[in-house]
Amino acid sequence: MGTRLIIDTDPGVDDAFAIALAALSEDVELLGVTTVFGNVPLSATTRNARRLLSLCGRSDVPVAAGAQRPLVYPQPHRAHYAHGVDGLSGRSHVLPEPERELEQAGAVELLVSLLDAADGPVTIAPIGPLTNIAALLAAHPGVREKIDRVVIMGGALGHGNTTAAAEFNIWSDPEAARRVLTGGEVPCVLVPMDLTYRCAVDAEWLAKLNGSGQIGAALHALTPDYREHYNRALGWDGIVMHDAVAVAEAIKPGILHTETFPIDVDCTLGPSRGATVVDRRRAELRDDTDDTDVHSDTGELGRVRVATDTDLDGLRGFVLDRLATVTGR
Ligand code: BDR
Ligand code: CA
């Protein structure tokens, strides 16, 4: 059996690529998908997730809906500017209708039951706001031992994409992100936008996806609004498949190069709200200026592995190979 995986998601065009990547990979045991508000409201992210699993022939995978809003401060801004009116460039109708009923249980309940039932350690890949995962850790500390790694798409080492300082997923619920990333409760791998931008794919890659078969063509059909947004953001014709980069690491540990750093999340209400403050100073300098923090159980600032590099073409090829399947599973 391959990697046991649960994806927590807000589809989203790049979430669509990420879900398909996991759903089509034979070395992945996709246990479930949980949804969260984010790119579009929860009702749309949930419907999109269910339709994507239908596209991939994965009606065996349960889907449960989670948080409709952040933990503490309401945050009404969705990312229609990038993902279109329905979260999939206004093209969600190209996907098949969902085949499987939505779970009666909510996202946190489904996470708990899947973790409890799992035969061994499970990887969780949150690729939206971290609200469901923070709620899980707060309400069910006992499940921690079943979690192998939490591989998160989010954060920025340099500038943000939603504000000058903050990346969208962390900015959408900074208090939740701080709980997950700095609490020291579960091993986290953070895949920040600095690296996902470097993994951007071009028109040639997208054309290959389009020509690869029914699933590749359907995924490609979801990209027009997203591609238009990224043409402006990148300055050339391509897209950034942020969430698929994180899911690649979740299903093939080590495909991304990681380094361990102390981290904090700015939860103030000022201009850097939602910024991930990753301490990349030399350890010697850090020690000299240490004023030990008190965010975690141990009294130390949380440390996470941060993805800083990869074989860019290798990563692009890995994702394309797995999405370029003719019929799904
Ligand atoms: C992240 O924000 C969302 O718009 C994408 O789906 C991705 O998870 C990138 O900043
Ligand atoms: Ca996402």
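The values are calculated or read from the model by the stated rules, or taken from the named source; none is laboratory data. Quick caveat, the model's predicted, so the values are computed rather than measured. Positions of Cβ are backbone-derived with ideal geometry, glycine not excepted, and every protein chain shown enters the neighbour counts. Just the protein is used for accessible areas: all its heavy atoms, side chains included, with ligands, DNA and RNA removed. Shrake-Rupley method; radii C 1.70, N 1.55, O 1.52, S 1.80 Å.
SER92 passes all but one of (1) surrounded by fewer than 16 Cβ atoms within 10 Å (Cβ to Cβ); (2) within 16 Å of ligand 2 (Cβ to nearest atom); (3) among the hydroxyl-bearing types (Ser, Thr, Tyr); which number fails?
So the condition that SER92 fails would be (1).
Before we move on, is ALA218 closer than 17 Å to VAL150 by Cα, open to solvent by less than 40 Å² (accessible area, probe 1.4 Å) and part of a helix (DSSP H, G or I)? Give the derivation first.
Numbers: closer than 17 Å to VAL150 by Cα: no; open to solvent by less than 40 Å² (accessible area, probe 1.4 Å): yes; part of a helix (DSSP H, G or I): yes.
The answer is no for ALA218.
I'm checking my understanding of the structure. Among residues of the range 247-291 that are in contact (Cβ under 8 Å) with a residue 40 or more places away in the chain and small (Gly, Ala, Ser), which one is farthest from ASP15 (Cα to Cα)?
Among those residues, the one meeting the criterion is SER272.
Could you check how many residues of the range 135-178 are open to solvent by less than 10 Å² (accessible area, probe 1.4 Å), within 16 Å of ligand 1 (Cβ to nearest atom) and among the hydrophobic types (A, V, I, L, M, F, W, C)?
Number of matching residues: 9.
Test of understanding: among ASP309, ASP288, ASP266, which residue is more than 18 Å from the chain's Cα centre (by Cα) and either farther than 21 Å from ALA134 by Cα or modelled with pLDDT under 95 (or both)?
The unique qualifying residue is ASP288.
Would you pick out the residues in the range 234-258 that are in a helix (DSSP H, G or I) and away from ligand 2 (no atom under 11 Å from the Cβ)? Write out each step before concluding.
At the first step, the residues of the range 234-258 found to be in a helix (DSSP H, G or I) are 234, 242-251.
Hits for the range 234-258 are LEU234, VAL245, ALA248, GLU249, ALA250, ILE251.
Which of (1) more than 15 Å from ligand 1 (Cβ to nearest atom); (2) open to solvent by 10 Å² or more (accessible area, probe 1.4 Å); (3) at negative phi is the odd one out, the single condition VAL61 does not satisfy?
(2)
Can you name the number of the only condition in (1) within 14 Å of ligand 2 (Cβ to nearest atom); (2) surrounded by 18 or more Cβ atoms within 10 Å (Cβ to Cβ) that HIS80 fails?
Of (1) within 14 Å of ligand 2 (Cβ to nearest atom); (2) surrounded by 18 or more Cβ atoms within 10 Å (Cβ to Cβ), only one is false for HIS80: (2).
For the range 196-217, state whether one or more residues are within 16 Å of ligand 2 (Cβ to nearest atom) and β-branched (Val, Ile, Thr).
Within the range 196-217 (the criterion being within 16 Å of ligand 2 (Cβ to nearest atom) and β-branched (Val, Ile, Thr)), the answer is yes, since at least one residue qualifies.
So, GLY155, is that one modelled with pLDDT under 95 and not in a helix (DSSP H, G or I) or not?
Spelling it out, it is not the case that GLY155 is modelled with pLDDT under 95 and not in a helix (DSSP H, G or I).
Has the range 127-135 got at least one residue that is in a loop (DSSP other than H, G, I, E, B), within 14 Å of ligand 2 (Cβ to nearest atom), small (Gly, Ala, Ser) and touching a residue at least 12 places away in the same chain (Cβ under 8 Å)?
Yes, that holds for at least one residue.
Those residues that are assigned to a helix (DSSP H, G or I), more than 16 Å from ligand 1 (Cβ to nearest atom) and closer than 21 Å to ALA118 by Cβ, I need them from the range 1-44; list them, please.
If the condition is that a residue be assigned to a helix (DSSP H, G or I), more than 16 Å from ligand 1 (Cβ to nearest atom) and closer than 21 Å to ALA118 by Cβ, then ALA23 is the only one that fits.
Among the listed residues GLN104, GLN75, identify the single one that is assigned to a loop (DSSP other than H, G, I, E, B), at pLDDT below 95 and surrounded by fewer than 22 Cβ atoms within 10 Å (Cβ to Cβ).
Result: GLN75 is the single residue among GLN104, GLN75 that is assigned to a loop (DSSP other than H, G, I, E, B), at pLDDT below 95 and surrounded by fewer than 22 Cβ atoms within 10 Å (Cβ to Cβ).
Does the range 46-55 include one or more residues that are under 22 Å from ASN161 (Cα atoms) and within 13 Å of ligand 2 (Cβ to nearest atom)?
no
Taking the range 221-233 only, how many residues are in a helix (DSSP H, G or I) and either open to solvent by less than 40 Å² (accessible area, probe 1.4 Å) or in contact with a Phe, Trp or Tyr (Cβ under 6 Å, 6 or more places away or on another chain) (or both)?
Restricting attention to the range 221-233, the residues satisfying the condition of being in a helix (DSSP H, G or I) are 221, 224-233.
Subset that is either open to solvent by less than 40 Å² (accessible area, probe 1.4 Å) or in contact with a Phe, Trp or Tyr (Cβ under 6 Å, 6 or more places away or on another chain) (or both): 221, 226, 229-230.
Within the range 221-233, residues that are in a helix (DSSP H, G or I) and either open to solvent by less than 40 Å² (accessible area, probe 1.4 Å) or in contact with a Phe, Trp or Tyr (Cβ under 6 Å, 6 or more places away or on another chain) (or both) number 4.
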